[in-house]
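Written out below as structure tokens is the structure these notes cover.
The values are calculated or read from the model by the stated rules, or taken from the named source; none is laboratory data. The shown structure was predicted, so the numbers you read here are calculated from the model rather than taken from an experiment. Backbone-built Cβ (ideal geometry, glycine too); neighbour counts: all protein chains shown. All accessible areas refer to the heavy atoms of the entire protein, side chains included, with ligands and DNA or RNA removed. Shrake-Rupley method; radii C 1.70, N 1.55, O 1.52, S 1.80 Å.
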Amino acid sequence: MLAVSPVAALADNNIDVLGQFLEQNFPTQQDPLAILNNSNAQADFVEAQAAIAGPLLSSQSALIVNNKTGEVLYQKNANRVMPIASISKLMSAMVTLDAGLDMNELVTITPDEIDRLKGTGSRLSIGTTLTRGELLHLSLMSSENRATHALGRTYPGGMPAFVAAMNAKAQSLGMYNSRFYEPTGLDFRNVSTAHDLNRMVQAASNYAKIRSNSTSNYGQVYTSAGKKQVYKNSNALVREGSWNIELQKTGYIREAGRSMVVKAKVQNQPITIVLLNSPTSTTRVNDARRIESWMLQKQS
């Protein structure tokens with residue numbers, strides 16, 4: 001039994017589109033389907049279709065926006081309301097900074113910071129004392145949940161006031177399909193859409209500390225036991241250093257899958273990428289790389 005090539009299958013399913021493509025690009029009296037068997041013709045056709053259809057992504061929801069023009073370059077289920085996990089920490093950071101709190105004030109990690117939702121661990125032992133600025137750094141760079149929770153707990157009015165401020169901020173940004181129940185993103189009820197998250201990224205990028213902390217790739221602190229803990233960025237694109245990233249945040253809980261927002265310059269275009277619910281950390285990064293390749297293809 002002969003195997004059917006992907007191009008031949010595509011031709012069967014899209015004969016009208018294929019016919020138009022061949023007429024425009026390969027005017028001839030010969031059989032156009034025979035010409036399509038030429039490897040160069042196949043490559044041109046597949047590339048043309050890919051440029052129109054957009055990148056093939058593993059993420060269930062995706063959005064690519066040109067930050068300069070606001071043009072949506074690509075979207076996939078961009079209005080679907082989904083859990084956003086630790087991407088929530090961008091909103092937590094904005095609320096913290098909006099309050100004008102002393103970034104040098106010392107804050108101690110208490111048993112209140114223990115994760116009782118997912119049972120995740122932390123390298124910040126109970127009794128560890130850091131500045132509020134250090135907590136913000138670890139929250140954004142390494143997605144440290146105890147650091148984020150401590151920021152909310154020590155907010156004026158405590159955690160209820162902090163979460164209320166998160167939701168008020170979301171409404172003020174036009175994030176009408178978003179809702180926050182706590183600051184870390186461990187609660188799957190923290191939800192948003194790709195379009196709403198683009199609004200949040202644009203707002204968060206106005207804060208110098210969020211830009212610098214989210215793209216930082218190194219931090220160290222000493223715990224209550226005097227042990228040095230070294231932290232790296234949770235985003236492989238930052239760790240590798242090959243992308244020109246202005247702001248980023250990753251996220252993961254089981255209900256949300258692997259997610260990521262990135263504001264960067266890709267192929268000399270200032271864009272924001274939102275990726276929600278990718279199966280693995282690898283597919284999440286591969287989706288970003290496919291977007292980079294797709295944008296290069298569109299320019300050629």
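Here's the list of lysines a cross-link from Lys228 could span, going by alpha-carbon distance under 26 Å and ignoring same-chain residues fewer than 8 apart: Lys89, Lys118, Lys209, Lys249. Out of the total accessible area of the stretch 90-155 (probe 1.4 Å, heavy atoms of protein only), what percent is carbon and sulfur? Carbon and sulfur atoms account for 48 percent of the accessible area of the stretch 90-155. When the alpha carbon coordinates of the stretch 66-108 are projected onto the principal axes, the ranges are 44, 27, 12 Å, largest first. Any chance you could check the Cα centroid distance between the stretch 195-227 and the stretch 81-105 for me, in angstrom? About 9 Å separates the Cα centre of the stretch 195-227 from the one of the stretch 81-105. Extents of the stretch 123-259, largest first, come to 45, 41, 31 Å (Cα atoms, principal axes, whole angstrom). Percent of Cα-Cα pairs per 5 Å bin, from 0 to the last occupied bin, for the stretch 180-226, please list those. The distribution over the stretch 180-226 is 4, 16, 13, 20, 21, 14, 7, 4, 1, given as percents.
Working value for the stretch 101-165: equivalent-ellipsoid semi-axes of 17, 15, 11 Å, each the square root of 5 times a Cα gyration tensor eigenvalue, largest first.
Projecting the Cα positions of Thr193, Asn233, Val221 onto the charge dipole of the stretch 154-248 (unit charges on Cβ atoms of Lys, Arg, Asp and Glu, taken about the Cα centre) puts Val221 furthest along the positive direction.
Accessible area per residue, 1.4 Å probe, Å², for the stretch 133-175: what's the number? It would help to have the intermediate numbers written out before the result.
Working: 1280 Å² over 43 residues.
I get 30 Å² per residue for this part.
A crude spin-label estimate for the pair Gln220 and Arg179, with each label 7 Å from Cα along the Cβ direction, gives 4.5 nm. Between Gln202 and Ala168, the FRET efficiency from the beta-carbon distance, with R0 = 22 Å, is close to 0.80. Within the same chain, lysines fewer than 8 places from Lys298 are excluded, and of the rest, those with a Cα less than 21 Å from its Cα are Lys68, Lys76, Lys263, Lys265. Three principal axis extents describe the C-alpha atoms of the stretch 59-183; from largest down they are 47, 31, 24 Å. Measuring nothing but protein heavy atoms, the accessible surface of the stretch 215-296 at 1.4 Å probe radius is 44 percent carbon and sulfur.
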